[in-house]
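The values are calculated or read from the model by the stated rules, or taken from the named source; none is laboratory data. Keep in mind that this is a model prediction, so the values were computed, not measured. Neighbour counts are summed over all protein chains in view; Cβ atoms, including those assigned to glycine, are modelled from backbone coordinates with ideal geometry. Only protein heavy atoms, including side chains, enter the accessible area calculation; ligands, DNA and RNA are left aside. Shrake-Rupley method; radii C 1.70, N 1.55, O 1.52, S 1.80 Å.
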Amino acid sequence: TNINTKNITLEFNELISVNNPIQNVIFSPPQKNLPTVKAIGKKVNINFQDSLLPNTTYTIEIRKCIVDYTESNPFADYVYTFSTGDKVDSPQISGKVIDAQTLAAKKDYTVGIYSNLSDTAFTKTKFEKIAKTNEKGEFTIYGIAEGEYNLFAIKDVGGSYYYQNKGTDIAFLDSSITPYAHL
């Protein structure tokens, strides 16, 4: 909590490398300028280019792109969470994205939420929090503040984090959702 640095270091007990971080590290909320992710020895350095928002829970989801240097064994999926405020939001949303016609799982789709419940918000602004679907179409959006949200999934080819291309795949939940934390 109360993190105000733009640099995060993860330390491991052996030499590691990072493979394709642009595709395999997901930052939520999405960043205008992608943070840099570099391996140096036994450490992974993450440097944010954008200013961090106040009182916001951030998650960094690392998908099997950190590997040990000698055998290239992947470090299992890992989520690092921190907050710029005095609390970490713990609600999360999980689900699965499938093709409505074929029922096939949709891999590498961006799933995101909006607290702006306007029916055009998804065409004008970036998602507030995001996740990416895995090979089974599954996703989890972490660190959501309590409130009401609309949920969308898009094939975000350009990395804009909102729907901007007519003809691009889009999915949505037909009603808003209200995640909450059990105490």
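Observations on the structure shown:
- Here D68 fits the description: more than 17 Å from Y161 (Cβ to Cβ) and either out of contact with any Asp or Glu (no Cβ under 6 Å at 6 or more places or on another chain) or surrounded by 15 or more Cβ atoms within 10 Å (Cβ to Cβ) (or both).
- Selected residue (criterion: surrounded by the most Cβ atoms within 10 Å (Cβ to Cβ)) from residues of the range 118-133 that are without any contact (Cβ under 8 Å) to a residue 40 or more places away in the chain and of a type in the set (V, I, T): T133
- Single unsatisfied condition, V111 versus (1) within 21 Å of G41 (Cα to Cα); (2) not in a loop (DSSP other than H, G, I, E, B): (1)
- For the range 139-168, the set of residues classified as modelled with pLDDT under 90 and either under 13 Å from I26 (Cβ atoms) or out of contact with any helix residue (DSSP H, G or I) (no Cβ under 8 Å at 6 or more places or on another chain) (or both) consists of D156, V157, G158, G159, S160, Y161, N165, K166, G167, T168, listed by residue number.
- Taking the conditions (1) at pLDDT 95 or above; (2) assigned to a strand (DSSP E or B) in turn, G85 satisfies each one other than (2).
- Meets criteria (at pLDDT 90 or above, basic (K, R) and within 19 Å of S28 (Cβ to Cβ)) for K136: no
- Pick from the range 21-43, criterion open to solvent by 40 Å² or more (accessible area, probe 1.4 Å) and part of a loop (DSSP other than H, G, I, E, B), ranking: nearest to K64 (Cα to Cα): K42
- Within the range 160-183, restricting attention to residues that are free of Cβ contacts under 8 Å to residues at least 60 places away in the same chain and of a type in the set (G, A, S), the residue that is most open to solvent (accessible area, probe 1.4 Å) is G167.
- Of all residues in the range 91-114, those satisfying the criterion of being touching a strand residue (DSSP E or B) at 6+ places or on another chain (Cβ under 8 Å) and polar (S, T, N, Q) are Q92, S94, T110.
- Of all residues in the range 126-170, those satisfying the criterion of being over 11 Å from Y109 (Cα atoms), under 16 Å from the mean Cα position of the chain (by Cα) and small (G, A, S) are G143, A145, G158, S160.
- Residue match in the range 138-158 (condition: of a type in the set (D, E), open to solvent by 70 Å² or more (accessible area, probe 1.4 Å) and in contact with a strand residue (DSSP E or B) (Cβ under 8 Å, 6 or more places away or on another chain)): yes
- Residue that is most open to solvent (accessible area, probe 1.4 Å) [pool: residues in the range 96-117 that are of a type in the set (A, V, I, L, M, F, W, C) and within 30 Å of I3 (Cα to Cα)]: L117
Here's the yes/no breakdown for (1) at pLDDT 95 or above; (2) exposed (fewer than 13 other Cβ atoms within 10 Å of the Cβ); (3) over 16 Å from the mean Cα position of the chain (by Cα):
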position	(1), (2), (3)
N13	no, yes, yes
N19	no, no, yes
N45	yes, no, yes
P74	no, no, yes
S94	yes, yes, no
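- Members of the range 121-145 found to be more than 20 Å from V79 (Cα to Cα) and in a loop (DSSP other than H, G, I, E, B), listed by number: K124, T125, K126
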